[in-house]
Every structure is written in structure tokens, then in C-alpha cells.
Amino acid sequence: MSKIIFFGPPGAGKGTQAKIISDFLKVPHLSTGDILRKKLSDKDELANELKNIMSSGNLVSDDILNSIVSTRLKSEENNGFILDGYPRTLEQSNFLNDFLLNTSNSIEFIFNIQINFEILKSRILKRSTEENREDDNVDVIETRYNEYLNSTEKVTNFYRVNYTNIFHEIDGSLQIQEITEKIKQILKKS
């Protein structure tokens, strides 16, 4: 079963493409954003802590995400998976690489969806009104984009340099269907 990572700045279309490819390949889509938003509905201390972190646009700690993701990966080990929103830091990347090594798994495809900030900002604001997401406003967008530049882009570059044979750049300014077709063509070639 396929094991895939989607990279790109917030609002680039990672989640949209991950869902489409998940349906296409019949592989579970593990979105840390969805997992965390679901956790927010719990009425416990961690949910309150997450709400404060996420509403300010900051990233959740590596320890929390590593724990959540490794639990999910263990349960999906034989089904394959699509990671969307993880890893975001070099520490998470190291954790994931160690986890995969220890479980005799490996990533087969990495897709990096690139898009310029102005297109991205208008997409996120549109998504905010359509999906009624409180974590999508201009201040949060700028904070999340800066977090992406300061941490996740380093992770993307690590994979770009060290996993050249499975790393694929995708133009995120294309229409959704065009992006999907590009990804499907890459998947079919392998």
C-alpha cells in the first residue's frame, strides 16, 4: 500500500489533494489538522490548550503531534497512509524517519505543492467563509505562513535534497483537477 507525504504552505491544497488521492488509492488520509480540530471538541485540558495554540496560529508541540501521528500510523500500518500536515519540523521528521525504520516501512511518494502567498491568502479567506473555520483569518494566515517558512520549509528542503527519487514539485496555482491529474500521472508511472 502507498505511503505518501504532502507538503506545501497552509492553504496550498494539500488537504484537498490528499483526500482525492486517498479516495483514488483507497488509502487512509491522516490529516493532523483534522485530527487536532476533532480533538478541540473534547472538553478536557488538552483541548483547551490546543484551542489557545491553534486560534493564535501557532503550531502544536512536536511531542503532542508525534504521539498522535505514531498512534494513527500504527493502526494504519498495513493499509498505507497519506500524511497531510506532518512532519512540520525537523524533529517531527526525525521522529517519523525513526518510526518508519523501526516498523520496516518507507515513504514512496512526496508531493510538494508550491504556491505564492497572495494566491494562498485569498484561497484561505475563501475557505474560511465556506467552511466557517475560525482558524482562517488574515493574522492567523500570516502567522501560519511565517511558521511554515521558519520550520516546515526546512523539512521540505531536507526531503527535497535527501529523497530526490520520490520528491515531486507540484504547481499549486493550477486548478484542482489539473493538480490531481499531475499527481495521478506520477503515481501511475511507478
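Points worth noting:
- Share antiparallel - DSSP beta bridges, the chain, percent rounded to 5: 0 percent
- Available extension along the chain between ILE119 and GLN177 is 19.2 nm, counting 0.36 nm per residue and deducting the alpha carbon span.
- Within a Gaussian network of the chain (alpha carbon springs, distance under 10 Å), most fluctuating of GLU91, GLU49, GLU77: GLU49
- Positive-pole candidate from LEU90, HIS168, ASN157, dipole of the chain, charges at beta carbon: HIS168
- Across region 65-168, Cα-Cα pairs farther apart than 22 Å form 41% of the total.
- The share of accessible area on region 97-190 that comes from carbon and sulfur is 46 percent, using a 1.4 angstrom probe.
- Selection from ILE124, ALA18, GLY8, by position along the positive dipole direction of the chain (Cβ): ALA18
- Given the choices (1) 15.9, 47; (2) 16.1, 54; (3) 18.4, 59, Rg and Dmax of the Cα atoms in Å derived from the coordinates of this structure is entry (1).
- Taking each residue as 0.36 nm, the span from VAL138 to ASN150 lengthens on full extension beyond its C-alpha to C-alpha distance by 2.5 nm.
- In loop segments of region 62-168 as defined by DSSP, the trypsin sites (Lys or Arg not before Pro) with at most 15 further C-beta atoms inside 10 Å of their C-beta are ARG133.
- Within the same chain, aspartates and glutamates fewer than 8 places from LYS121 are excluded, and of the rest, those with a Cα less than 17 Å from its Cα are GLU130, GLU131, GLU134, ASP135, ASP136, ASP139, GLU142, GLU147, ASP171.
- Dipole check for region 111-190: with +1 at the C-beta of Lys and Arg, -1 at the C-beta of Asp and Glu, and the Cα centre as origin, the magnitude is about 480 Debye.
- Given R0 = 25 Å, the distance between the Cβ atoms of SER41 and ASN97 translates into a calculated FRET efficiency of 0.20.
- Residues in region 84-107 that a label on ASP34 would reach, taking backbone N under 14 Å of a point 7 Å out along Cα→Cβ: 84-86
- Candidates LEU149, LEU59, LEU83, ranked by Gaussian network fluctuation over the chain, Cα under 10 Å, top entry: LEU149
- Between region 57-97 and region 157-190, the alpha-carbon center distance in angstrom: 20 Å
- R0 of 25 Å, Cβ-Cβ distance LYS184-SER106: FRET efficiency to nearest 0.05: 0.75
- Working from label points 7 Å from Cα in the Cα-to-Cβ sense, the SER55 to THR164 distance is 4.7 nm.
- When the C-alpha to C-alpha distance is required to be over 22 Å, the pairs from LYS14/LYS154; LYS3/LYS74; LYS39/LYS126; LYS14/LYS126 that qualify are LYS39/LYS126.
- Low-density loop positions, GluC sites (Glu not before Pro), region 104-179 - DSSP coil, at most 14 other Cβ in 10 Å: GLU108, GLU134
- Size of charge dipole - region 1-148 - debye, nearest 20, with Cβ of Lys, Arg +1 and Asp, Glu -1, no other charges: 440 debye
- Residues of the chain: accessible area per residue with a 1.4 Å probe, Å²: 52 Å²
The values are calculated or read from the model by the stated rules, or taken from the named source; none is laboratory data. These figures come from a predicted structure and were not determined experimentally. Counting neighbours? That spans all protein chains shown, and the Cβs are built from the backbone with ideal geometry, glycine included. To get the accessible areas, we keep the full protein, side chains included, count just its heavy atoms, and leave off ligands, DNA and RNA. Shrake-Rupley method; radii C 1.70, N 1.55, O 1.52, S 1.80 Å.
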